[in-house]
Amino acid sequence: MSGVEGFMYPNEIELQWSVLIVLYPFITGLVAGAFILASLERVFLVEAVKPTYRLALLTALAFLLDAPLPLQLHLGHPERSPEMYFTPHSTSAMAMFGYVYLWYLMAVLVLEIWLDYRRDIVILSRKSKGLLRLIYKVMTLGSSNISPRSLAIDEKVGWVVTLIGIPSAFLLHGYVGFIFGSIKANPWWSSPLMPVVFIFSAMVSGIAAVMLLYMSATKMRRKAIDMRCVDTIAMYLFYIFIIDFSLEMLDLIHRIYEADESFRSLNFMVHTRLYFSHIVIQIFLGTLTPLILLFLTQVVKLTEVLRKRVYATSGCLAMIGIFAMRWNVVIGGQLFSKSFLGYTTYKMALVTREGFLVAIGLTILPLIFLWILVKLLPPWPEQSLHAPAPGD
Amino acid sequence: MGVFKDAGHLFRFTGLFVLAFLAFLLIRGYVVPKTFGQYGHYRAAAIGEIAGRPVKFAGHKACEDCHTDIVDVKMKGKHAHVNCEACHGALAKHADDPTSMTPTKPDTAVLCARCHTASAAKPTGFPQVNPADHSNGVPCETCHNPHSPAIDGGGAK
């Protein structure tokens, strides 16, 4: 069999979890990370990142709507796959999906966005015409009360929702890490550090994604980028990246020191089949390079133009690095045999249900969702709406 | 009462949440089979459905009652504990009425390879060959008696 080396058990030769299962934790991570960035302003009162607060929330929602689609496509059976939302169960980590997803979508994100935008929605429902007016009317849920007192209540409730949202975001992505970390039969996955590493890498990718989206959207709108905001985001990105990298290295050192019966096999895999995606892309290009770049912005006084370029480069590299990390976890965990004596190969298909083109489509789809959400609920600070006079 | 008036929209959202939850329960009630969980984490009605299916396998005792000559050969060889229907297929119909249905003879070039093709996952003591090198498409029964396959064990043809 081509691509198979050494002793593989027959059921290990073909990988069951494809690139779509790589996308799932990557996209869910962006949701959790974007939400944590939004909570910086709301709960931790980091005033500088305010320009990205709403954009971060919309980004989280856009990616959350996209997050289960790779799973559904992987499951196949379109007549049955939506049941994963309606038949959650506590018997297995995977069966918990419905609870985790619906809680985060309904009780956290939708509620927080609705509370934050309620004033705007009411004003837009009065100003707009036609179908758009109807959409905004529905979104007001029939209440046009935007009195200062009701908005003050929204503010308080919104704060509580964000507070609940932080552990929920940790739970959402910790859960994804838990799915892998709890598989004791697979030594590449089985680690109690896995949920923690997933959460911190999620924060890195989410913060980098919102920073890039904010910078590119502001550039496209021909407005000035708020450098105080981007500097602060980059600073948080740097700090969280250090924690993430330290945790990953801790996991690595622990594995090397423990050197259990799987170590030789996994070590060989990292130096051969996973060398490019793990050592070159994930560690050097996707972690060390952006860390050095971000470190430079913290210690050297760079010009605004240069800082923007460094942030954009390190943001892109961080995203590539985190995607490579998901790839190395999901695909890497299936490349070696349980006999520790054989290795297989993952060959990505191009135009199949779980192929490359579908993966590209599912990566672009949340950006389309975001574009619609941004059109419907403008997140830009300068577009704050004024309530029309009662006679309007 | 002013607080309730100004928090009216929150009650509406709560109502929406309750409605969504009811819709969830309704769909869940529809998609989860009625007897699921009655005895354990499975559909209880499946037991009755499976029990109600027609029997397809006769069991080796039914074969041995008539084919005593084959049993004598088989008991001496390595295949003594391989069930008849593992190779010949489900034959309850034949056991019920041998004249109504006669089983077709399996193609040994294909059948034997299913178990005896070399694989690293099999125990080293298990006889395994690369069929292309070993026989090159020639049916295995040309040299081996499938009911007692060892050549030096008296099973050779």
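What follows draws every value from the coordinates through simple rules; no lab data is involved. Predicted model only: the values in this text are computed from it and were never measured. A quick note on method: Cβ atoms are made from the backbone with ideal geometry, for glycine too, and the neighbour counts reach across all protein chains shown.
Tabulated values for the structure
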read-out: Per-residue ³J(HN,Hα) for the stretch A:187-195, Karplus 6.51 cos²θ - 1.76 cosθ + 1.60, θ = phi - 60°, Hz, x for Gly and Pro; value: x, 6, 9, 5, 7, x, 6, 3, x
read-out: Neighbour-limited loop hits for trypsin sites (Lys or Arg not before Pro), the stretch A:307-384 (at most 10 other Cβ within 10 Å; DSSP other than H, G, I, E, B); value: A:Lys347
read-out: Calculated FRET efficiency for the pair A:Glu382/A:Arg80, C-beta based, R₀ 56 Å, to 0.05; value: 0.75
read-out: Hits among aspartates and glutamates - C-alpha to C-alpha of A:Lys338 under 12 Å, sequence gap 8 or more where chains match; value: A:Glu12, A:Glu261
read-out: Fewest-first ranking of B:Thr14, B:Thr102, B:Thr108, A:Thr345, using other Cβ atoms within 10 Å as the exposure measure; value: B:Thr102, B:Thr14, A:Thr345, B:Thr108
read-out: Amide H within-cut-off set for B:Ala58, under 5 Å, with H built and near neighbours excluded; value: B:Leu91, B:Ala92
read-out: Number of partner chain Cβ atoms within 10 Å, mean per residue of B:7-16; value: 6
read-out: Nonlocal amide H pairs with B:Val129, under 5 Å, H built at 1.01 Å; value: B:Thr117, B:Ala118
read-out: Note, ³J(HN,Hα) from phi for the stretch A:70-87, Karplus 6.51, -1.76, 1.60, rounded to Hz, x at Gly and Pro; value: x, 5, 5, 5, 5, 5, x, 6, x, 6, 10, 4, x, 5, 5, 7, 9, 10
read-out: Estimated distance in nm for a label pair at A:Met106 and A:Tyr275, the labels positioned 7 Å out from Cα along Cα-to-Cβ; value: 5.2
read-out: Where labels lie 7 Å past Cα in the beta-carbon direction, separation of B:Ser100 and B:Tyr42 in nm; value: 3.0
read-out: 3J(HN,Hα) from dihedral phi, the stretch A:323-338, Karplus parametrisation 6.51/-1.76/1.60, rounded to Hz, x for glycine, proline; value: 4, 4, 4, 4, 4, 5, 5, 5, 6, x, x, 10, 7, 10, 8, 5
read-out: Computed E for A:Ile372/B:Met75 - FRET, C-beta separation, R0 56 angstrom, nearest 0.05; value: 0.15
read-out: Acute angle (nearest 10 degrees) that the helix A:130-139 long axis makes with the longest principal axis of chain A, alpha-carbon atoms; value: 70
read-out: Under-5 Å amide H pairs with A:Gly342, H placed in peptide plane, nonlocal only; value: A:Phe7, A:Ser337
read-out: Loop trypsin sites (Lys or Arg not before Pro), the stretch A:130-237, which have at most 13 other Cβ atoms in a 10 Å radius of their Cβ (DSSP); value: A:Lys184, A:Arg221, A:Arg222, A:Lys223
read-out: Peptide A:145-154 - average C-beta neighbours from other chains (10 Å radius); value: 4
read-out: Distance violations [Cα-Cα > 27 Å] among A:Lys129/A:Lys156; B:Lys76/B:Lys122; A:Lys50/A:Lys301; B:Lys56/B:Lys105; value: A:Lys129/A:Lys156
read-out: Ranking of A:Ile36, A:Ile364 by count of other Cβ atoms within 10 Å, fewest first; value: A:Ile364, A:Ile36
read-out: A:Leu131-A:Leu250 FRET efficiency (beta carbon distance; Förster radius 51 Å; 0.05 resolution); value: 0.40
